[in-house]
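Please read the structure below before turning to the comments.
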Amino acid sequence: MVITSPTLLARSRGADKYWKQRRILRLSAHYYGRRQNCYSIAIRSVRRALQYSTLHRRLNKLMYKTLWEGRINASCQELGTTYNDMYATMDQAGIALDRKILQNLAIWEPRSFRALALLTKAKQEEEGLNSLDGPVPAGVVTRGML
Amino acid sequence: MWYLFDAKWQNPFHSADKIKDILTGTHKPIYHDLNDCGDHVVVINSSEIALPGVEWEKRVYFHHTGYAKGASWTLAWQLHHKDPTMILRKTVYSKLSKNLLRRGRMEKLHIFPDDKIPDSILENVSAQLRQMRPIPKRLDHYTREEVEKFPKLC
């Protein structure tokens, strides 16, 4: 109702129920059966959907991360390294490319990726990764035994 | 792409790890589950696979016909006698991810018990997968000169 006086204002309750339900039913427009048109059934599905969407914002990032890591690993295996070695060595070399860029390079710029992989392989030997020959890291006490 | 894999004296469980990666397409940088980017693998000499340890006697394959009293437990050597391709097929099937894409990926796997491959498949094969276990040379396959040249202690 239109509020034109203080008494009406005192008597007024919440927002119109129709518009609240419309807000929910708008989100359930692509659902199956009564879930798209009947409010009391749609509210259950829409609440669950909204909960999933908040929780899965984090999962989405993890999903893409694992996909990118797998793709980079595939290219690394072709070139004779592994993803773990390459990523760790790039960190040591100071190359701050992330997984998204690396997987794009692996797909669309294979020669650039190959250059990076060979660079990391050379750096690995220098740093002594996966071998006992390299320089001993700082803070390790060997007492001449190693 | 069609890959050839010689399963002679290879461990089927280790080989299946490599084969399943090729079938799913995980060896490619364009990999995605829904991309259907797997490659074909043609396995030859599957009758000459080598199971580790006591697996031939101890490994058991279970099958149920669906009817009453239809459960059967077959030992690996018995299954191998019946069908030399089954052990490798079952191993790859169990290693693939358990979703609806599995059956399609198994269709890309072609196993043959010996060297004979049909021409229609052989003309597609373009590369070979490296064997995981190196095959040692038999003593009677060494030539007389190699045996004489080999250094002796006394």
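Side notes on the structure shown:
- Helices (runs of 4 or more DSSP H) wholly inside the stretch B:26-108 containing at least 1 residues that are among the aliphatic types (A, V, I, L, M) and either surrounded by 12 or more Cβ atoms within 10 Å (Cβ to Cβ) or modelled with pLDDT of 95 or more (or both): B:76-82, B:86-95, B:101-107
- Residue match in the stretch A:110-123 (condition: under 22 Å from B:LYS28 (Cα atoms), outside any helix (DSSP H, G or I) and not aliphatic (A, V, I, L, M)): no
- Selection of the stretch B:1-25 for residues being facing another protein chain (nearest Cβ under 10 Å) and not in a helix (DSSP H, G or I) yields only B:GLY25.
- Test: residue in the stretch A:64-78 that is more than 14 Å from chain B (Cβ to nearest Cβ) and more than 19 Å from A:ASP98 (Cα to Cα): no
- Filtered residue count, the stretch B:31-66, keeping only those that are within 12 Å of chain A (Cβ to nearest Cβ) and not hydrophobic (A, V, I, L, M, F, W, C): 4
Yes/no matrix, rows are residues, columns are (1) without any contact (Cβ under 8 Å) to a residue 12 or more places away in the chain; (2) more than 20 Å from B:ILE135 (Cα to Cα):
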residue	(1), (2)
B:HIS14	no, no
B:TYR31	yes, yes
B:LEU51	no, no
B:TYR93	no, yes
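Condition check ((1) in a loop (DSSP other than H, G, I, E, B); (2) modelled with pLDDT under 95; (3) exposed (fewer than 15 other Cβ atoms within 10 Å of the Cβ)) across all residues:
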| position | (1), (2), (3) |
| --- | --- |
| A:LEU8 | no, yes, yes |
| A:TYR18 | no, yes, yes |
| A:ARG34 | no, no, yes |
| A:ILE43 | no, no, no |
| A:LEU50 | no, no, yes |
| A:CYS76 | no, no, no |
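- A:LEU102 among the aliphatic types (A, V, I, L, M) and surrounded by fewer than 17 Cβ atoms within 10 Å (Cβ to Cβ): no
- Flag if B:SER120 is more than 14 Å from chain A (Cβ to nearest Cβ), surrounded by fewer than 11 Cβ atoms within 10 Å (Cβ to Cβ) and part of a helix (DSSP H, G or I): yes
- Residue check for B:LYS28: among the basic types (Lys, Arg), within 14 Å of chain A (Cβ to nearest Cβ), in contact with a helix residue (DSSP H, G or I) (Cβ under 8 Å, 6 or more places away or on another chain) and within 19 Å of B:VAL125 (Cα to Cα): yes
- Residues satisfying the stated conditions in the stretch B:81-109, i.e. touching a helix residue (DSSP H, G or I) at 6+ places or on another chain (Cβ under 6 Å) and of a type in the set (S, T, N, Q): B:THR85, B:THR91
The values are calculated or read from the model by the stated rules, or taken from the named source; none is laboratory data. Being a predicted model, the structure only gives us computed values, none of them experimental. Counting neighbours? That spans all protein chains shown, and the Cβs are built from the backbone with ideal geometry, glycine included.
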